[in-house]
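Novice: Dropping the structure in here first, questions after.
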Amino acid sequence: MTALFNVSHIRQLEDTFAVSQPNVSLMQRAGDAVARLAEQWLKQHSSPAVLVLAGPGNNGGDAWVAAEALRKAGFRVTVLTLGEPVWTNPAAKKAQASFTSHQGQVVKAWPKVEIGLVIDGLFGLGLSKSPSGAFADVIRQCNDERAVGRCFVIAIDVPSGLDADIGVAFEPAIEADQTITFIAAKPGLYTADGPDYAGQIMVEALGITLPQTSGSLLTRDAVVTLIPQRRRNSHKGRYGNVAIIGGAEGMTGAAVLAARAALHMGPGKVYLGLFDKNRPPFDLLHPEVMVRDARALAKDESMSAVAIGMGMGEAGVASLLAVLSLNKPMVIDADALNAITANPSIRAAFKAKTAGNDRPSLPFIFTPHPGEAAVLLGRSSQEVQSSRINAAIDIAQQFNCVVILKGAGSIVAQPNGEYVINTTGNPGLASGGTGDALAGMLAALLAIGLSTWDAARLGVFLHGAAGDAALHHGMGPHGLTASEIIFEARTLLNSGLNDHHDDHHDDHQNDK
């Protein structure tokens with residue numbers, strides 16, 4: 001498990017370590033780690049010139065240590081320094097003094113020479129506003145050089161301009177190819193804007209032992225043990241009945257996609273309840289799916305799990321109340337989420353249904369995108385996106401449910417404050433129907449017998465991994481469809497989750 005720590009917790013760990021190990025310099029360890037990573041790249045690329053961007057804070061101190069280590073190793077290093085240093089760390093002072101005494105080149109603006117590798121040490125964890133002035137100019141120059149393939153960029157701890165806690169990128173922010181982050185992984189590197197700016201992430205522990213924390217990354221190792229196993233001596237009744245309820249007139253496709261996704265996860269039976277009075281008698285492509293009237297299916301006690309809301313419109317409000325009377329685990333998606341806010345009686349029913357529940361018996365998985373989350377919380381979408389982890393936990397606590405806040409680095413949270421950030425998925429999933437497919441997959445996993453917490457984690461990871469597999473096969477990111485994801489998800493489930501996507505998504509940890 002890769003634990004996630006926010007900035008305040010990292011500061012506490014640094015302070016505790018400084019008291020217990022006063023003769024050990026974390027800055028020296030960090031700078032040396034950056035230099036090792038840089039050397040790995042340089043040895044594979046005809047030793048081009050290195051430009052180290054050193055800001056005034058501790059991130060800049062790390063950069064000076066790295067610059068001196070690379071100079072001593074024989075590489076051509078230039079340090080671009082901005083602002084008056086505020087660090088007092090002896091390791092940085094020693095590195096700076098040694099670098100300058102050996103005629104190391106120090107500049108105040110981007111040099112007019114070819115640069116192959118840029119090491120970003122302008123700003124670290126403490127940045128809380130947009131870079132300005134010369135700092136902004138250098139960041140834009142770096143991004144322009146990288147965009148045309150002139151340089152490779154390694155960020156120290158966090159790309160300058162990216163909020164390490166919430167993943168919001170200020171304007172401008174460094175776009176890195178690799179980020180080496182220290183002590184522990186930070187949430188902002190993996191959600192919201194983080195994945196677009198951090199590149200490949202490496203975690204360097206610096207010898208610090210981590211305590212338990214409420215957040216972690218959702219990786220293959222975390223979910224592979226959740227995959228349901230099927231006994232030879234079994235029958236369809238063992239794997240549950242799934243009810244997919246939605247599909248008002250003109251929106252039946254959403255519910256159909258959810259039903260097909262559920263079917264390919266392996267439940268015993270899949271029932272599709274449509275509100276459209278002109279519903280087809282069966283699914284032409286998948287006759288295994290049994291089509292019913294949505295209003296009747298919402299009252300069917302024989303169902304093992306329910307997903308409701310996909311394409312439901314306003315036609316399903318009464319059926320949503322009926323579904324709530326069933327003592328079944330369920331996925332609440334799309335229009336069903338909106339109905340909770342718009343209809344006081346439904347909101348009250350949800351509150352009553354979940355009152356006093358503890359983790360093992362949480363009956364609901366909510367699957368909002370940021371807009372739906374904003375409505376549930378009475379906030380703006382921007383407020384949700386600027387604090388995704390807190391928003392997910394707030395919904396989980398208000399409704400006593402498991403929440404999947406969808407988006408880049410989807411967050412799965414539960415009322416006790418525990419959360420995970422998903423590491424799979426790509427921009428190809430930003431298309432119509434993919435959320436409906438996720439809802440169906442989740443309902444099937446619930447029917448098979450997983451808890452809401454386990455189903456949410458496995459379902460989100462599998463959904464994203466299916467998108468990654470499709471990308472690997474050339475089907476995305478442009479034009480990737482929900483239907484294609486469904487088949488990829490089945491393949492991954494049966495193969496125990498292929499790990500070809502791990503090279504792109506998983507972080508590499510070091511404890512040197």
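Derivation of every value follows stated rules applied to the coordinates shown; laboratory data play no part. Please read all numbers here as calculations on a predicted model, not as lab measurements. Note: ideal-geometry Cβ built from the backbone for every residue, glycine included; neighbour counts use all protein chains shown.
Novice: With +1 on each Lys and Arg Cβ and -1 on each Asp and Glu Cβ, how big is the dipole of the stretch 3-213 about its Cα centre, in debye rounded to the nearest 20?
Specialist: Values: 16 positive and 21 negative charges, 138 e Å.
It works out to roughly 660 debye.
Novice: Amide H to amide H under 5 Å from ILE183: which residues, 5+ apart in sequence or cross-chain, H placed 1.01 Å off N in plane?
Specialist: GLU204, ALA205, LEU206
Novice: Let me ask something else about it. Would you mind ranking LEU438, LEU471 so that the residue whose beta carbon has the fewest other beta carbons within 10 Å leads the list?
Specialist: LEU471, LEU438
Novice: Turning to a different aspect of this structure: If r is the Cβ-Cβ distance from ALA18 to GLU84 and R0 is 22 Å, what FRET efficiency results, to the nearest 0.05?
Specialist: 0.40
Novice: Further question on the same structure: Could you pull out the trypsin sites (Lys or Arg not before Pro) across the stretch 17-62 that fall in loop regions by DSSP (anything but H, G, I, E, B) with no more than 14 other Cβ atoms inside 10 Å?
Specialist: Details: sites: ARG29, ARG36, LYS43; in loops: LYS43.
Those that pass, being in a loop and sparsely packed, are LYS43.
Novice: Please give the charge dipole size of the chain, origin at the Cα centre, charges +1 on K and R Cβ atoms and -1 on D and E Cβ atoms. Round to the nearest 20 debye.
Specialist: 840 debye
Novice: Using alpha carbons only, what's the Rg to Rh ratio of the stretch 27-124 with Rh from Kirkwood?
Specialist: For the stretch 27-124, the value is 0.93.
Novice: OK, next. Among the trypsin sites (Lys or Arg not before Pro) within the stretch 124-202, which fall in a DSSP loop and have no more than 16 other Cβ atoms within 10 Å of their own Cβ? Don't skip to the answer; put the middle values down first.
Specialist: Working: sites: LYS129, ARG140, ARG146, ARG150; in loops: LYS129, ARG150.
When the trypsin sites (Lys or Arg not before Pro) of the stretch 124-202 are filtered for loop state and at most 16 Cβ neighbours within 10 Å, LYS129, ARG150 remain.
Novice: Across the Cα atoms of the stretch 157-209, what radius of gyration and what greatest pairwise Cα-Cα distance (Dmax) are found, in Å?
Specialist: Rg, Dmax (Cα atoms, Å): 10.4, 34.
Novice: Arranged by the count of other C-beta atoms within 10 angstrom, fewest first, what order do SER101, SER325 take? Numbers along the way, then the final one.
Specialist: Values: SER101 8, SER325 12.
Ordered from fewest to most neighbouring Cβ atoms within 10 Å, SER101, SER325 come out as SER101, SER325.
Novice: Rounded to two decimals, what ratio of Rg to Rh does the stretch 221-505 give with C-alpha atoms and a Kirkwood Rh?
Specialist: So for the stretch 221-505, dividing Rg by the Kirkwood Rh gives 0.94.
Novice: Residue by residue, what Karplus-based ³J(HN,Hα) values in Hz, rounded to whole numbers, does the stretch 227-236 have, using 6.51, -1.76 and 1.60 with θ = phi - 60° and x for Gly and Pro?
Specialist: 5, x, 9, 10, 7, 4, 8, 8, 9, 5
Novice: Still on this structure: What does the net charge come to around GLN105 if you take all other residues with beta carbon closer than 13 Å to its beta carbon, with K and R at +1 and D and E at -1?
Specialist: +3
Novice: Taking all pairs of distinct Cα atoms, average 1/r, flip it, and tell me the Kirkwood hydrodynamic radius of the chain in Å to one decimal place. Could you put the intermediate results ahead of the total?
Specialist: Working: mean 1/r = 0.0411 Å⁻¹.
After inverting the mean inverse Cα-Cα distance, the result is 24.3 Å.
Novice: From the C-alpha gyration tensor of the stretch 3-213, pull out the three semi-axes of the equivalent ellipsoid (sqrt of 5λ each), sorted largest to smallest, in whole Å.
Specialist: Three semi-axes, in Å: 24, 21, 16.
Novice: If R0 is 45 Å, what FRET efficiency do you get for LEU321 and ARG11 from their C-beta distance, rounded to 0.05?
Specialist: Step by step, r from the Cβ atoms, then E = 0.40.
Novice: What spacing in nm lies between the two simple spin-label points modelled at VAL107 and GLU171, each 7 Å away from Cα in the Cβ direction?
Specialist: Calculated label separation equals 2.8 nm.
Novice: Here's something else I'd like to know. Compute the length gained on full extension between LYS94 and HIS286: take 0.36 nm times their separation in residues and subtract their Cα-Cα distance, giving the result in nm to one decimal.
Specialist: Roughly 62.1 nm would be gained on extension.
Novice: In percent, what relative contact order does the chain have, based on Cα pairs under 8 Å that are 6 or more apart in sequence? Walk me through the numbers on the way to the answer.
Specialist: Numbers: 1127 pairs, mean separation 66.9, N = 512.
After rounding, I find 13 percent.
Novice: I would also like to ask the following. Of SER304, THR354, ALA198, whose Cα points farthest to the positive end of the dipole of the chain (charges on the beta-carbon: +1 Lys, Arg; -1 Asp, Glu; origin at the Cα centre)?
Specialist: Highest projection toward the positive end goes to SER304.
Novice: At 1.567 mPa s and 4 °C, plugging the Kirkwood radius over alpha-carbon pairs of the stretch 31-70 into Stokes-Einstein gives what diffusion coefficient in µm²/s?
Specialist: Estimated diffusion coefficient is 126 µm²/s.
Novice: Would you list which lysines come within 23 Å of LYS328, measuring only between C-alpha atoms, while excluding same-chain residues fewer than 8 positions from it?
Specialist: Counting by Cα, and skipping residues close in sequence, LYS328 has these lysines nearby: LYS236, LYS269, LYS299, LYS351, LYS353.
Novice: Moving on. Can you list the HN-Hα couplings for the stretch 70-76, worked out from phi with the Karplus curve (6.51, -1.76, 1.60; θ = phi - 60°), rounded to whole Hz and with x for Gly and Pro?
Specialist: 5, 4, 5, 7, x, 8, 7
Novice: Something else about it: Could you list the trypsin sites (Lys or Arg not before Pro) in the stretch 238-305 that lie in coil according to DSSP, counting only those with at most 16 other Cβ atoms within 10 Å of their Cβ?
Specialist: For trypsin sites (Lys or Arg not before Pro) across the stretch 238-305 that sit outside H, G, I, E and B with at most 16 neighbouring Cβ atoms in 10 Å, the list reads LYS277, LYS299.
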